[in-house]
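Undergrad: The structure follows.
Values quoted throughout were computed directly from the atomic coordinates according to the rules given, and no laboratory measurement underlies them. Please read these numbers as outputs of a predicted model, since none were measured by experiment. Positions of Cβ are backbone-derived with ideal geometry, glycine not excepted, and every protein chain shown enters the neighbour counts.
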Amino acid sequence: MPRAKTTNSPRLLIRSSSIHAAGCYTLDAIPRGRRIIEYDGPRLSKELADERYADRIVTYIFGFGDNGAVIDGFGTAMFLNHSCAPNCESEERGGRVFVRAIRNIAAGEELLYEYNLYDADEADKADCYCGAPQCRGTMFSDTELERRARLAKRKQAKKAETAKA
Ligand SMILES: C[S@@+](CC[C@H](N)C(=O)[O-])C[C@H]1O[C@@H](n2cnc3c(N)ncnc32)[C@H](O)[C@@H]1O
Ligand SMILES: [Zn+2]
C-alpha cells in the first residue's frame, strides 16, 4: 500500500491580514524550532535598495550581514508581517536568511516575526499596527530607537546653540 507523503514544509497561504495588506498564513501546524521558509530574493547594495524604495511606503528589503547587503524580498516570505508578539524569528546562515518557528504554531495562524528595522532615514516612520497587547508601537529595533533618540538630542542641542549665538 502506498504510504502517505510526508513533508517538512508546511503549506502556506497569502491572504489579507488585519495587520497590513497581505500576510502569510500556515495551513498546517508547525512545531517550535522548525525552519519554515527562506527569505529569498536578489541581493542589492543598501544604496541601490534605498534608491529603489525611495518613494515606496511598503518595503521588502531585508538587511543582513555586516557588509550592508540587503535582500530585495521575492517570493512567499516577503509577505510575512511584523509583530511585537511574534511566533517566528529570522536567522542568518551562510549568507542566507531563514524564518524559524519560535513556538508551536497552530494551523490557520499568521506567521509573524520582529522586523527590528535599523539604519533608517531620520524622516522614515515605522509605526506598528500589530495589535498585540505588548505592541511597542514601532517596527524599529531598540538599538535603532536609541540611535534616533541620540540624533534628535544632538539636533536639538545644535538648534539651541544656534539660537543663543
Ligand atoms: C515585507 S512587507 C510585508 C507584506 C505586506 N503586508 C504586503 O502586503 O505586501 C513589509 C511591509 O508591510 C507593512 N507592515 C508589516 N508589518 C506591519 C505592522 N506590524 N504594522 C504596520 N505595517 C506593517 C509595512 O508597510 C512594511 O513596509
Ligand atoms: Zn506591534
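Undergrad: Of GLY108, TYR60, ASN81, which is farthest towards the positive pole of the chain's charge dipole, taken about the Cα centre with +1 and -1 on the beta-carbons of Lys, Arg and Asp, Glu respectively?
TA: Among GLY108, TYR60, ASN81, the one farthest towards the positive end of the dipole of the chain is GLY108.
Undergrad: Shifting gears a bit: Mind giving me the FRET efficiency for ALA106 and LEU145? R0 is 22 Å, r the Cβ-Cβ distance, nearest 0.05 is fine.
TA: So, using R0 = 22 Å, E works out to roughly 0.10.
Undergrad: A follow-up question, please. Pulled fully out, how much extra length does the chain show between ALA163 and ALA29, if you take 0.36 nm times their separation in residues and subtract their Cα-Cα distance?
TA: Answer, rounded to one decimal: 42.2 nm.
Undergrad: For the chain, find the longest principal axis of its Cα atoms and tell me its angle to the long axis of helix 142-164, 0 to 90°, nearest 10.
TA: Approximately 10 degrees, to the nearest 10.
Undergrad: Ordered by packing density, taken as the mean number of other Cβ atoms within 10 Å over each peptide's residues, highest first, how do 135-141, 109-115, 46-52 rank?
TA: 109-115, 135-141, 46-52
Undergrad: Something else about it: For labels at ALA21 and LYS153 in the simple 7 Å Cα→Cβ model, what's the distance in nm?
TA: 3.6
Undergrad: Continuing with the same structure: Of the lysine pairs in the chain, how many meet both conditions: Cα atoms under 30 Å apart, and a spacing of 8 or more in sequence or different chains?
TA: Within the chain, the lysine pair count is 10.
Undergrad: Follow-up. Counting each DSSP H run of 4 or more residues in the chain as -39500 (n - 2.57), what helix-only mean residue ellipticity at 222 nm follows after dividing by all residues, to the nearest 500 deg cm²/dmol?
TA: -6000 deg cm²/dmol
Undergrad: Sticking with this structure for a sec: Please report, in Å, the Rg and the Dmax of the chain, where both are computed over Cα atoms only.
TA: In Å, with Rg to one decimal and Dmax whole: 18.9, 88.
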